[in-house]
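**Student:** Provided herewith is a single structure, encoded as structure tokens, for subsequent inquiry.
The values are calculated or read from the model by the stated rules, or taken from the named source; none is laboratory data. Values in this document were obtained by computation on a predicted structure and should not be read as measured data. In this analysis, Cβ positions are derived from the backbone assuming ideal geometry, glycine residues included, and neighbour counts consider all displayed protein chains. Note: areas computed on protein heavy atoms with side chains; ligands, DNA, RNA excluded. Shrake-Rupley method; radii C 1.70, N 1.55, O 1.52, S 1.80 Å.
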Amino acid sequence: MEKLKIAVQKSGRLSEKSLDLFSECGINLTSSSGKLISVASDFPVEILFLRDDDIPQYVSDGVADVGIVGENVIYEKEKHLEVVEKMGFGKCRMSLAIPKTEEYNGPKYFDKKRIATSYPNILKKWLSDNKIAADIHEISGSVEIAPGIGLSDSIFDIVSSGSTLFMNNLKEVEVLIKSEAVMVATKNLSQRKKEILTELLFRFRAVQKGKKNKYIVLNAPLNKVNDIISIIPGMKSPSIVPLAKDGWCSLHSVLNEKDFWQVIGQLQEKGAEGILVIPIEKMIV
Ligand code: ATP
Ligand code: ZN
């Protein structure tokens with residue numbers, strides 16, 4: 001039986017979230033600790049655990065059919081892979097940073113400077129686009145300490161909160177790319193593998209949509225129902241259930257998480273009471 005081979009980071013920032021995804025999609029993997037391959041007992045997929053740097057190559061060669069990896073790694077490896085889904089985690093940016101005390105006067109600052117990075121290709125492209133001749137020092141980790149120990153004048157590295165830069169007396173001066181984890185696929189998947197991927201994405205999207213929405217239940221006087229429906233229209237239309245108390249009903253709807261706090265105040269103003277907000281596990285529209 002044909003299986004879809006999925007490359008996932010073996011151990012690192014993307015590993016746990018990638019594996020959670022499979023379990024949330026009802027895909028149970030055989031114990032994965034320390035192994036290179038894990039198969040699912042109840043879904044036709046096989047997981048290959050790899051270093052993230054190797055994933056673009058494996059997918060581009062077709063050794064893996066799909067892979068979950070940061071866009072930054074794909075850009076760096078200069079592989080042209082089809083992105084089939086944005087995963088919504090592993091968000092970061094890649095930036096140039098210089099010592100806090102330095103004055104920054106635009107890209108020209110980097111002319112003849114030494115820049116330490118683990119991502120030389122992305123950096124080279126930006127330098128050449130900006131016609132800057134800098135000296136790239138490729139190092140494999142702990143890039144942020146390079147200026148402090150005299151290895152370089154500045155760095156090009158991954159930034160998320162900026163606290164690592166701050167602790168190393170650096171400041172971010174140029175954002176070169178933004179990145180998040182994506183699912184990429186190899187070219188020429190077989191018909192069967194395409195079907196498996198479609199089913200996987202269907203489940204994944206149902207879980208993602210569920211996470212972004214909340215189920216909301218509230219009590220309202222009947223004469224306020226129309227006002228309330230205009231605030232929380234739900235998927236098709238809210239359900240209305242009569243209450244034992246005359247002139248009142250219970251209204252059930254779905255609400256996007258990001259609108260939540262703003263909407264809650266409006267609902268109270270319209271007379272809603274006893275508001276319950278409940279997580280949604282999966283949502284199929
Ligand atoms: P590997 O051992 O697989 O080579 P790694 O050390 O290169 O792992 P991680 O630090 O685990 O990589 O990061 C994996 C990916 O997570 C990054 O390529 C990036 O896309 C994403 N990421 C998101 N936020 C951060 C962050 N604050 N620091 C580092 N990576 C981040
Ligand atoms: Zn890596």
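**Student:** Is it fair to say SER18 is modelled with pLDDT under 95 and of a type in the set (Ser, Thr, Tyr)?
**Tutor:** no
**Student:** Filter segment 15-29 down to the residues that are open to solvent by less than 20 Å² (accessible area, probe 1.4 Å) and within 16 Å of ligand 1 (Cβ to nearest atom) and list them by number.
**Tutor:** SER15, SER18, LEU21
**Student:** Cβ-Cβ under 8 Å, sequence separation 6+ or interchain: first residue in segment 107-131 and not assigned by TED's automatic domain parsing to the domain that holds VAL173, partner within 16 Å of ligand 1 (Cβ to nearest atom) and among the β-branched types (Val, Ile, Thr). Which pairs?
**Tutor:** From residues that are not assigned by TED's automatic domain parsing to the domain that holds VAL173, there are no pairs.
**Student:** Residues being open to solvent by less than 50 Å² (accessible area, probe 1.4 Å) and hydrophobic (A, V, I, L, M, F, W, C): count how many of those fall in segment 30-63.
**Tutor:** Here the count works out to 9.
**Student:** Among (1) open to solvent by less than 40 Å² (accessible area, probe 1.4 Å); (2) out of contact with any helix residue (DSSP H, G or I) (no Cβ under 9 Å at 6 or more places or on another chain); (3) farther than 30 Å from ILE136 by Cα, which single condition is GLU195 missing?
**Tutor:** Of everything listed in (1) open to solvent by less than 40 Å² (accessible area, probe 1.4 Å); (2) out of contact with any helix residue (DSSP H, G or I) (no Cβ under 9 Å at 6 or more places or on another chain); (3) farther than 30 Å from ILE136 by Cα, GLU195 misses just condition (1).
**Student:** When segment 165-192 is examined, which residues are found to be open to solvent by less than 40 Å² (accessible area, probe 1.4 Å), assigned to a loop (DSSP other than H, G, I, E, B) and within 16 Å of ligand 1 (Cβ to nearest atom)?
**Tutor:** GLU180
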